[in-house]
C-alpha cells in the first residue's frame with residue numbers, strides 16, 4: 001500500500017505552511033518514487049487571492065487589514081478570493097498523481113468525497129453544488145477547495161471551517177459566491193475537537209485514496 005507522510009504544523013503563518021508545501025513538492029519532483037505528503041495546518045488570519053481572484057472581491061482596506069492583523073497574499077491556486085485563519089483545519093495533500101490517477105477532476109472529486117464522509121460522520125449533512133467547487137450545508141459553504149497541479153504533482157488543497165470566526169468572511173466575496181453564505185462545524189451546533197476531526201479525515205482519506213498514513 002502507498003505510504004503518505006503526515007505533517008501537522010499546528011498554528012503557523014500562512015507563508016510558513018506554503019514554504020513547507022513547496023519543499024515537499026520539490027521532493028516529489030526530484031524523487032519520482034515518493035507517493036506524497038499530507039500537510040495539516042492552522043494559519044494566522046490571511047486573505048488569499050487565487051489565479052481567478054479580483055481586487056474588487058476584497059472589501060477591507062489595507063489599513064483595516066493591518067489593524068486586524070490580516071495578511072493579503074496572491075497565490076497560484078485555482079479559485080478566487082478566500083480566507084484562511086484560526087479555527088480552520090487546512091489540509092494540503094502534496095501528491096504525485098502519477099501513482100494514483102492522472103485526472104484533476106478525479107482528484108478534486110476524491111477530496112470532496114473525503115470531506116463529505118468526514119462531515120457525515122460528525123453528524124453534519126453536507127453536499128456538493130452543481131457547477132461549484134467546495135462542500136456546502138443548508139447554512140452555507142463549510143469547506144473551500146482550491147488546488148494547483150504541475151507535472152501531475154498537487155499543491156494547495158482544502159480548508160474546513162471548524163471554529164473559525166465567520167465575521168472574517170464579511171471582508172471578502174468568498175470564492176466568488178456572494179449569495180450562499182459561509183458556515184462552520186461549530187455553527188452547525190457540533191462541538192468536536194480539532195483532533196477528532198483530523199482523525200476522521202485521515203481515516204477517510206486513507207480509504208478513498210487507498211493509502212497508509214504515517
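The values are calculated or read from the model by the stated rules, or taken from the named source; none is laboratory data. All values derive from a computational prediction rather than experimental measurement. Note: ideal-geometry Cβ built from the backbone for every residue, glycine included; neighbour counts use all protein chains shown.
Quick notes
- Reported count of residues in region 44-69, each being assigned to a loop (DSSP other than H, G, I, E, B) and touching a strand residue (DSSP E or B) at 6+ places or on another chain (Cβ under 6 Å), is 2.
- Checking residue 14 against (1) closer than 30 Å to residue 131 by Cβ; (2) crowded, with 21+ Cβ neighbours inside 10 Å; (3) out of contact with any helix residue (DSSP H, G or I) (no Cβ under 8 Å at 6 or more places or on another chain), the condition it does not meet: (2)
- Members of region 104-132 that are over 18 Å from residue 88 (Cα atoms), touching a strand residue (DSSP E or B) at 6+ places or on another chain (Cβ under 6 Å) and in a loop (DSSP other than H, G, I, E, B): 129
- Selection within region 1-22 - in contact with a strand residue (DSSP E or B) (Cβ under 9 Å, 6 or more places away or on another chain) and assigned to a helix (DSSP H, G or I): 14, 15, 16, 17, 18, 20, 21, 22
- Every condition in (1) at pLDDT 95 or above; (2) over 15 Å from the mean Cα position of the chain (by Cα) is met by residue 191 except one, and the failing one is (1).
- Out of 95, 72, sole residue that is under 26 Å from residue 198 (Cα atoms), in a strand (DSSP E or B) and over 14 Å from the mean Cα position of the chain (by Cα): 95
- Annotation: residue 88 fulfils all but one of (1) surrounded by 14 or more Cβ atoms within 10 Å (Cβ to Cβ); (2) at pLDDT 95 or above; (3) more than 30 Å from residue 30 (Cα to Cα); (4) more than 11 Å from the chain's Cα centre (by Cα); the unmet one is (4).
- In region 105-127, the residue that is nearest to residue 203 (Cα to Cα) out of those that are buried (at least 17 other Cβ atoms within 10 Å of the Cβ) and free of Cβ contacts under 8 Å to residues at least 40 places away in the same chain is 116.
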